[in-house]
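Worksheet: the structure to be examined is printed underneath.
Derivation of every value follows stated rules applied to the coordinates shown; laboratory data play no part. Since the structure is predicted, the reported quantities are computational estimates derived from the model, not experimental observations. Note that each Cβ is placed from the backbone with ideal geometry, even for glycine, and that neighbours are counted across all protein chains shown.
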Amino acid sequence: MNIIEESCEIDGQKLTLQFGKLAQAVDTSVYATLGDTAVLVTVAIGPENPNLDYFPLSVEYAEKLYAGGLIKGSRWIKREGRPSDDAVLTGRLIDRSIRPLFPKTYKKQVQVVVTLLSIDGNNAPEILASIATSAALAVSSIPWAGPISTIRIGYVTSSENQETGFVLNPTETEQGFSSLDLVVSSTKEKVLMIETKANMVKDDIIQEGIEMAKKENKKIIDFIEKVVSKVGKKKDVAPEEANHSEILALIKGKYAKPVADAVKQAAETAGSEDKMLQEIVTSIYEDLDKKFDVKQILATITKNNYENIKKNILQKKARPDGRKVDQVRSLHVEVSVLPRTHGSALFQRGQTQVLSITTLGSTTLEQLIEGPEGKEAKRYIHHYSDGPYSYGQVGRMMGPSRRAIGHGALAEKAIEPVLPTSDEFPYAIRVVSEILAENGSSSMGSVCGSSLSLMDAGVPLKAAVAGVAMGLMSQSDDEYVVLTDIVGLEDFSGEMDFKIAGTAEGITAIQLDVKNKGLTSKMIKDIFTQGKKARLEILAAMNKVIEKPRKEISRYAPKVVVLTPPADKIGEIIGPGGKNIRALIAKTQTEINVDDDGKVTVSGLDRIKVDEAVAYINNITRVVEVGEEFEGEVKRILQFGAFVEFAPGKEGLVHVSKMGKGFVKNPYDVVKIGQKVKVKVYQIDNLGRINLQMI
């Protein structure tokens, strides 16, 4: 067994890459550790599938609960199930980082599997996994233009707003004080992938963080290159691109106009060009005596279309739909679209149409997430839903795809920084964005729709949030055009999808994918400048419809009240064996929960009943003072007196000597069960018992 192990340091933590010991059946495997966090990365190569016209890369991130020393909380199922959303997002992060550097003509199946084996709570497994994947591909036999590196950057501001600074690979504790969570994958010179959540951080601060990430990534890339020089395999040679000059001649000649018309139609309505292109493909297939496969013909048409779109934009600044390069498509905004939901909004930009719906509930409805790091509760949940009809197509209705999970998480990330705290707004919040029509940046449309829907629901957001997708066409690093609000054709034919979301004050989320070899610093600066202009324009259109959150939540939403009674009163609220709280729930038809922190949550659709339950609990926990007067109900009569419930859940004794001015021999002569009487507190004894007198 030939085991090779190399190490370097990342901000005081030891990074170790071990080759040759584990998973020896695949082309390459790497066991990597950073601190006590450990992952195993395997890279397997399968045969080329002649029926595929794309590069079949799959990246799977497998979380294991044993990595954190945990057993699944479910009573019945202990095995890990389908990947969690976090696992899907980590797999997507790695995929987006490495995919641009594979040759477009390489068609062998490549599967990268990352298994989380150990986690220490300080070193992020997704950062280690991305670095280890880069090392595995770099030493493999697969043609790949890496290595790359991935790093996380935080930005901490002191409570006095005096000491500020970037933090490299912040720990979980440090991240809690950070207003920025910036993850950057890059080569030595160019940025390939960005994933960001920010608390309305200024554009220039994020750009500075990106530059810092590139510098740190360069150090790790240098280390990986040294490893490759020792253990790297001979690389396969990717095949040359096929020459389809006969097909191209017909496309540029006889079918030039029909193809151009299909492109124009595609810019106006996503999916509408399919039928037109199919007719053209069939005609070319017949013209060439069935010499070429229809897939080859369609691929050649598509490639030619993309080249023409790029050429027109670079040379004439002419976009497929006729817009200027920095022009946002026409906007349409509505709120309160649906009659019985808690909040709703329709946001349309060009042909992309999103219906976002907000639902409010008790905090007991928070989503519980179980992972290797432990359990956590999510109070705000955003779900992105796109059926085949959104593309004008037919298809199977299935669960959320990896793309849908990613888009939902991005919108969730963009909105979270402007949400009120649970103390300010004690509700669980779910937003669903239904994508009704799609032609460019539905994820950013769902950000805008979510912001509008939340305001319509009366959620007191700190500010409105809007998002826009930016594109790029380049001839070189110095000759390029940045595109605002890209449509599908510009995404497919272009070189990036740079999504930026934020408020008027600053950025809340970023997601970058590229199809080229990366972005220069100047490109990124121009993208931020142009993107901010578009974001402010979209926010202005949204503010014309609803500028501030509604003052009241919908009458169809439950009322939620959170009480924090004294710890020694919790027992009185619950009662022996839960008797008191069960009776109160039955009486008021509300939901009442007491959490481990002693907070009592009361919720229900009938607001009068909620207020009644709250008043009852407040009366139980209130401190009664001597001299206070009440009107109460006689509950029990004994030989020596009567017990009167003078407040919900509180009883006191009226002794026979305190029932009237004269001598009372039998309390039944004065009161009866259920009678209303006026009483006054005249004594609270050393055991806390309350003695009353009738007045």
(request) With the convex hull built on the Cα atoms of the chain, state its orientation-averaged projected area in nm². (result) 38.8
(request) Might you report the magnitude of the Cβ-based charge dipole of the chain about its Cα centre, with Lys and Arg at +1 and Asp and Glu at -1, to the nearest 20 debye? (result) 1300
(message) Give me the Å³ per residue figure for the convex hull around the C-alpha atoms of the range 102-175.
(response) 111
(message) A 19 angstrom limit on the alpha carbon distance is what I want to check against. Which of Lys252/Lys515; Lys14/Lys235; Lys188/Lys219; Lys324/Lys533; Lys569/Lys676; Lys107/Lys252 exceed it?
(response) Lys252/Lys515; Lys14/Lys235; Lys569/Lys676; Lys107/Lys252
(request) With runs of 4+ DSSP H residues as the only contributors, calculate the mean residue ellipticity of the chain at 222 nm using -39,500 (n - 2.57) per run, divided by the residue total and rounded to the nearest 500. (result) -10000 deg cm²/dmol
(request) Provide the three semi-axes, in whole Å and in decreasing order, of the ellipsoid equivalent to the range 245-316 as defined by the square roots of 5 times the Cα gyration tensor eigenvalues. (result) 21, 14, 10
(message) Restricting to Cα pairs below 8 Å that are 6+ residues apart, what does the relative contact order work out to for the chain? Please round to a whole percent.
(response) 10
(message) Only counting other Cβ atoms within 10 Å, I'd like Lys324, Lys678 sorted with the fewest neighbours first.
(response) Lys324, Lys678
(request) Based on the mean of other Cβ atoms within 10 Å per residue, sort peptides 348-354, 511-517 so the most packed one is first. (result) 348-354, 511-517
(request) Obtain the nm distance between the two label points defined at Lys233 and Glu547 by a simple spin-label model: each point lies 7 Å from its Cα along the Cα-to-C-beta direction. (result) 6.4
(message) For the chain, take the longest principal axis of its alpha carbons; what is the angle in degrees between that and the long axis of helix 402-415, to the nearest 10 within 0 to 90?
(response) 60
(message) Using +1 at the C-beta of Lys and Arg and -1 at the C-beta of Asp and Glu, which of Val624, Thr150, Thr133 has the Cα lying farthest in the positive direction of the dipole of the chain?
(response) Val624
(request) Would you calculate the separation in nanometres between label points at Phe177 and Leu687, each defined as 7 Å from the Cα along the Cα-to-beta-carbon direction? (result) 5.3
(request) Give me the percent of Cα-Cα pairs in the range 331-545 that sit more than 31 Å apart, rounded to a whole number. (result) 21
(message) Please give me, ordered by residue number, the GluC sites (Glu not before Pro) of the range 412-519 that lie in loop per DSSP and have at most 14 other Cβ atoms within 10 Å.
(response) Glu424, Glu479, Glu505
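Averaging sequence separations of C-alpha pairs under 8 Å and six or more residues apart, then dividing by the length of the range 542-695, give the relative contact order as a whole percent.
18 percent.
Indicate the gyration tensor shape class of the range 323-372 (rounded, prolate or oblate), computed on the Cα atoms with a ≥ b ≥ c the square roots of the eigenvalues: a/c under 1.5 is rounded; otherwise a/b larger than b/c is prolate and the rest oblate.
Oblate, because a/c is 1.5 or more while a/b does not exceed b/c.
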(request) Report the extension gain between Asp293 and Glu6 in nm, rounded to one decimal, defined as 0.36 nm multiplied by the number of residues separating them, less their alpha carbon distance. (result) 98.4 nm
(message) On a 29 Å Cα-Cα criterion, which of the cross-link pairs Lys218/Lys525; Lys587/Lys680; Lys413/Lys587 come out too long?
(response) Lys413/Lys587
(request) DSSP loop (so not H, G, I, E, B), at most 14 other Cβ within 10 Å: list which chymotrypsin sites (Phe, Trp or Tyr not before Pro) in the range 621-695 pass both filters. (result) Phe640, Phe663
(message) Rg and Dmax in Å for the range 232-359, alpha carbons only: what are they?
(response) 20.9, 64
(request) Using only Cα atoms, locate the centre of the range 45-63 and the centre of the range 537-615, then give the distance between them in Å, rounded to an integer. (result) 50
(message) Which of Lys303, Lys252 has the fewest other C-beta atoms within 10 Å, and how do the rest follow up to the most?
(response) Lys252, Lys303
(message) I need to check one value: relative contact order of the range 1-151, counting alpha carbon pairs closer than 8 Å and at least 6 residues apart, in percent.
(response) 29
(message) To make sure I understand, if each residue's beta carbon is the centre and we count other beta carbons within 10 Å, what order do Thr621, Thr520 fall in, fewest to most?
(response) Thr520, Thr621
(request) Calculate the dipole size of the range 245-316 relative to its Cα centre from +1 charges on Lys and Arg beta carbons and -1 charges on Asp and Glu beta carbons; express the result in debye to the nearest 20. (result) 340
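With the Cα gyration tensor of the range 531-665 in hand, give its eigenvalues times 5 under a square root as the equivalent ellipsoid semi-axes, listed largest first in whole angstrom.
One finds semi-axes of 48, 16, 14 Å for the range 531-665.
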